[in-house]
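K.L.:
Got a structure for you, questions after.
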Amino acid sequence: MTASSEFDLECEAVSKSFGPVRAVDEVSVKIPSGSFFSILGPSGCGKTTLMRMIAGFEDPSSGDIRIKGRSVVDVPPNKRNVKMVFQHLALFPMMNVYENIAYGLRCNGVGKAEIGRRVTDVLERIALPDVGERQIHQLSGGQKQRIAIARCMVLDPDVLLLDEPLGALDLKLREAMKIELKLLQHQFNTTFVYITHDQSEALVMSDRVAVMNNGRFEQIGTPQELYHRPASAFVAGFVGDANRWSGRVVEVSNPHARIETSAGLSALCALGNGQKLRPGDRVEVFVRPEFIRAERLNGAPTPDGNGLTGTVDSLLFNGANSRVLVRSKNAELIEADVTLTGGADDLKPGEAVRLSWSPEQAKCFAAEAATA
Amino acid sequence: MRQSDFRRLSLILLFAPFALWILLLIVLPHIGMGVLALREKVAPRVYEFGFGNFLEFMHEPIYWNTLIRTGSMSLLVTALALLIGFPIAYYIAKIAGPRSRGALFLVCLIPLWVSDLIRAFGWILLLRETGVISSALQAAGLIDAPVELLYNDATVVIGLVYTVILFMIVPLVSTLDGMDNAMIEAGYNLGGNGFTVLRRIIIPYAMPGIVAGCIIVFMLTAGSYLTPILLGGKYSSWFTETIYQQFITRYNWEGGAAFGFLLLAFTSAVVWIGLKLSRQTLAGTVAKS
Ligand SMILES: Nc1ncnc2c1ncn2[C@@H]1O[C@H](COP(=O)(O)OP(=O)(O)OP(=O)(O)O)[C@@H](O)[C@H]1O
Ligand SMILES: [Mg+2]
């Protein structure tokens, strides 16, 4: 019981198998109270299965789940104080907004006057005070979203689970809802566990993120940690954009290694966290586009570090996030961030450029068979 | 202009057979029946316009007793079909896997492949004094003398439920099928127990299907003839039998026509009350299930 105040939700070696499929594999995590925690992973990696186990709709094959320090494995779903926002929201179309929110309170036997007060209160907190009498189909996508959250939050859950709730919204609304969700979480000060396969959602909103792959948590950390110090090749490739090369270790001189990529490029790289490599090992190298400098070739000698020359293949204009695609001599395409001001100084397709990056920003990981 | 002419023409062509069918098989006979029902027999071969045929119904308690009895037994059959059909439909739509779903549906269809008559005969074989059940019970030593299981109300009700239950299951399956499983899970997640989820979420969601199934089953039952006669025997007192007697036995077409209208009016009234009580509309029910 000592941990009960510190962690709202703890999973200990939770596994789930569907026949031969191991959907969730030995997942352990402790989620501190009041934090926004995301589970990020590609489709089919077991995110929903894990969430359904927390909510009680699936029984774990093994392992333990604790909410506020109390094991809930034998507690039926309607007795767990964990509420869930479903992917398609699952609002009840035969009830109006008020009834949707009041449903959970009624189930808990709350008095009529108290229900009225709490529903009005929660509607105010989500900034939709006047929609109580509306039918569900009379709401916009973003409003439905907020009603689905209000329906859970009115019950004061220990943990709110959200299963890709923004998946059904269009891009613009999704961007707005990201910020909105974060604000709501602050306002309610409840632990949110947010599932997504969209890394930008996870990075923007979360206090901590778990990256999931093939039923396992590959890494748990703050968004910055994941981005700058990925623990595995999968995390490096999945979180944020990166140029990715496969190659072989030529020599190791801790904390660096010289790598020869399969395209023939020789580069000095930093060893990824906890990587133990020996010459001859097959590796994958990741370099983020924003760490690659692209400069017009002007004959001046470049400082030491990694680099190569090539020609600009095309410009990918996207405001502040513009990139160049550079084709190296070995016909590889490399992405690098550039500033395009619209002036005469901008790079143009066909120009010869030199790309350079520091060894610290090139991370190498032992190649795994099962990287996505 | 041309385009709209063409569209109108195709509409007419499309609806002509349908309109013809409505006209010939539904409107025309009813007009004929209406005319017949309003002819009062004052002397042999002499008729007068009047409501005598309807008044006769009012004055003869046995007629309206039969009508009330038919109505209440039909309601009972409808209720039983709903009570038995709902769990079956729920199982087919929500619990059975996609493969067994088709098989289960087919099993429900089997009774429809056999004609009414054969089906009723099957019940007779099972239930009569020398039938399978009676003999089996005797052989098992549970009873000493053969029992007659036919010709009572319970048998009629069972036979009718068996005949019509499919028409309850089909609309129920189709509405329940359209229900997102997440909605049921949300019901539990927000703290509801099994009963609450059924009462507050599943049943309200399935209401259009329930109402559609009930209307179909009620109309079919109240208008059925063969099953009550064969399983209930002489004393089944089904209103369709009364109508039949007027037409065939007593050769009183005027009376039969009037009784036919009374049955129609009665069942329509019951359906209307049912719709009002369940706060559904006929259009909404038909559209959603
Ligand atoms: N009821 C089930 N029976 C058998 N296999 C299942 C079942 N539910 C999930 N799986 C399998 O478990 C794995 C994980 O599924 P899950 O739904 O958790 O993925 P996910 O990470 O939520 O993916 P997505 O992002 O597409 O929603 C998948 O391979 C899936 O096929
Ligand atoms: Mg999922």
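The values are calculated or read from the model by the stated rules, or taken from the named source; none is laboratory data. Source: prediction; values computed, not measured. Here the Cβ positions follow ideal geometry from the backbone for every residue, glycine too, while neighbour counts run over all protein chains shown. Accessible surface is based on the protein model in full, side chains and every heavy atom, while ligands, DNA and RNA are left aside. Shrake-Rupley method; radii C 1.70, N 1.55, O 1.52, S 1.80 Å.
K.L.:
Among B:Leu83, B:Leu67, B:Leu112, which is the only one that is within 24 Å of B:Leu160 (Cα to Cα), buried (at least 17 other Cβ atoms within 10 Å of the Cβ) and out of contact with any strand residue (DSSP E or B) (no Cβ under 9 Å at 6 or more places or on another chain)?
P.N.:
So the residue among B:Leu83, B:Leu67, B:Leu112 that is within 24 Å of B:Leu160 (Cα to Cα), buried (at least 17 other Cβ atoms within 10 Å of the Cβ) and out of contact with any strand residue (DSSP E or B) (no Cβ under 9 Å at 6 or more places or on another chain) is B:Leu67.
K.L.:
When segment A:50-76 is examined, which residues are found to be without any contact (Cβ under 8 Å) to a residue 12 or more places away in the chain and within 12 Å of ligand 1 (Cβ to nearest atom)?
P.N.:
Correct list: A:Arg52 only.
K.L.:
Further question on the same structure: Condition check: surrounded by fewer than 18 Cβ atoms within 10 Å (Cβ to Cβ), near ligand 1 (Cβ under 10 Å from one of its atoms) and within 18 Å of the chain's Cα centre (by Cα). Does A:Gly19 satisfy that?
P.N.:
Against the criterion (surrounded by fewer than 18 Cβ atoms within 10 Å (Cβ to Cβ), near ligand 1 (Cβ under 10 Å from one of its atoms) and within 18 Å of the chain's Cα centre (by Cα)), A:Gly19 does not qualify.
Residues are listed down the side, and each one gets a yes or a no for (1) assigned by TED's automatic domain parsing to the domain that holds A:Phe86; (2) at pLDDT below 90; (3) aliphatic (A, V, I, L, M); (4) under 18 Å from A:Gly44 (Cα atoms):
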site: A:Leu160; (1), (2), (3), (4): yes, no, yes, no
site: A:Leu166; (1), (2), (3), (4): yes, yes, yes, yes
site: A:Val211; (1), (2), (3), (4): yes, no, yes, yes
site: A:Pro223; (1), (2), (3), (4): yes, no, no, no
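K.L.:
Still on this structure: Regarding B:Leu36, is this residue without any contact (Cβ under 8 Å) to a residue 40 or more places away in the chain and either under 23 Å from B:Trp238 (Cα atoms) or in a helix (DSSP H, G or I) (or both)?
P.N.:
Spelling it out, it is not the case that B:Leu36 is without any contact (Cβ under 8 Å) to a residue 40 or more places away in the chain and either under 23 Å from B:Trp238 (Cα atoms) or in a helix (DSSP H, G or I) (or both).
K.L.:
Follow-up. Whether any residue in segment A:322-334 is over 14 Å from A:Asn243 (Cα atoms), of a type outside the set (D, E, K, R) and not in a loop (DSSP other than H, G, I, E, B) is what I want to check.
P.N.:
Looking for residues that are over 14 Å from A:Asn243 (Cα atoms), of a type outside the set (D, E, K, R) and not in a loop (DSSP other than H, G, I, E, B), one finds none in segment A:322-334, hence no.
K.L.:
Can you tell me how many residues within segment A:22-52 are in a strand (DSSP E or B), more than 14 Å from ligand 2 (Cβ to nearest atom) and not acidic (Asp, Glu)?
P.N.:
Counting residues in segment A:22-52 that are in a strand (DSSP E or B), more than 14 Å from ligand 2 (Cβ to nearest atom) and not acidic (Asp, Glu) gives 9.
K.L.:
Do we have A:Asn213 as under 12 Å from the mean Cα position of the chain (by Cα) and either under 25 Å from A:Glu12 (Cα atoms) or within 16 Å of ligand 2 (Cβ to nearest atom) (or both) here?
P.N.:
So A:Asn213 passes the test.
K.L.:
A:Glu260 fails exactly one of the following numbered conditions: (1) in contact with a Pro (Cβ under 9 Å, 6 or more places away or on another chain); (2) open to solvent by 50 Å² or more (accessible area, probe 1.4 Å); (3) assigned to a strand (DSSP E or B). What is the number of that condition?
P.N.:
(1)
K.L.:
Would you tally the residues in segment A:45-71 being farther than 27 Å from A:Lys182 by Cβ and more than 14 Å from chain B (Cβ to nearest Cβ)?
P.N.:
8
K.L.:
Taking the conditions exactly as written (within 14 Å of chain B (Cβ to nearest Cβ), away from ligand 2 (no atom under 16 Å from the Cβ) and either crowded, with 20+ Cβ neighbours inside 10 Å or in a loop (DSSP other than H, G, I, E, B) (or both)), does A:Val14 satisfy them or not?
P.N.:
No; evaluated as a whole, the condition is false for this residue.
K.L.:
In the list A:Lys16, A:Lys79, A:Lys83, A:Lys47, which residue meets the criterion of being touching a residue at least 24 places away in the same chain (Cβ under 8 Å) and farther than 24 Å from A:Gln185 by Cβ?
P.N.:
A:Lys16
K.L.:
Looking only at segment A:344-368, how many residues end up being in a strand (DSSP E or B), in contact with a Gly (Cβ under 8 Å, 6 or more places away or on another chain) and buried (at least 17 other Cβ atoms within 10 Å of the Cβ)?
P.N.:
Selection size over segment A:344-368: 8.
K.L.:
OK, next. Out of A:His197, A:His186, report the one residue that is surrounded by fewer than 22 Cβ atoms within 10 Å (Cβ to Cβ), within 22 Å of A:Lys30 (Cα to Cα) and within 16 Å of ligand 2 (Cβ to nearest atom).
P.N.:
Checking each option against the conditions leaves just A:His197.
K.L.:
Please work out which one of (1) farther than 19 Å from B:Asn189 by Cβ; (2) of a type in the set (Ser, Thr, Tyr); (3) open to solvent by 40 Å² or more (accessible area, probe 1.4 Å) is the condition A:Thr48 fails and give its number.
P.N.:
If we test A:Thr48 against (1) farther than 19 Å from B:Asn189 by Cβ; (2) of a type in the set (Ser, Thr, Tyr); (3) open to solvent by 40 Å² or more (accessible area, probe 1.4 Å), just (1) comes out false.
K.L.:
Name the single residue, out of those in segment B:182-207 being surrounded by fewer than 23 Cβ atoms within 10 Å (Cβ to Cβ) and more than 9 Å from chain A (Cβ to nearest Cβ), that is farthest from A:Asp156 (Cα to Cα).
P.N.:
B:Ile203
K.L.:
Now for a separate question. Are there any pairs, at least 6 apart or on different chains, whose C-beta atoms fall under 7 Å, with the first in segment B:63-78 and without any contact (Cβ under 8 Å) to a residue 12 or more places away in the chain and the second assigned to a helix (DSSP H, G or I), and if so, which?
P.N.:
Matching pairs, first to second residue: B:Trp64/B:Phe57.
K.L.:
For A:Pro289, indicate whether it is open to solvent by less than 10 Å² (accessible area, probe 1.4 Å), more than 12 Å from the chain's Cα centre (by Cα), farther than 15 Å from A:Ala366 by Cα and not aromatic (Phe, Trp, Tyr).
P.N.:
Judged against the criteria, A:Pro289 is a match.
K.L.:
Regarding segment A:95-110, can at least one residue be identified that is open to solvent by 10 Å² or more (accessible area, probe 1.4 Å), in a helix (DSSP H, G or I) and among the small types (Gly, Ala, Ser)?
P.N.:
no
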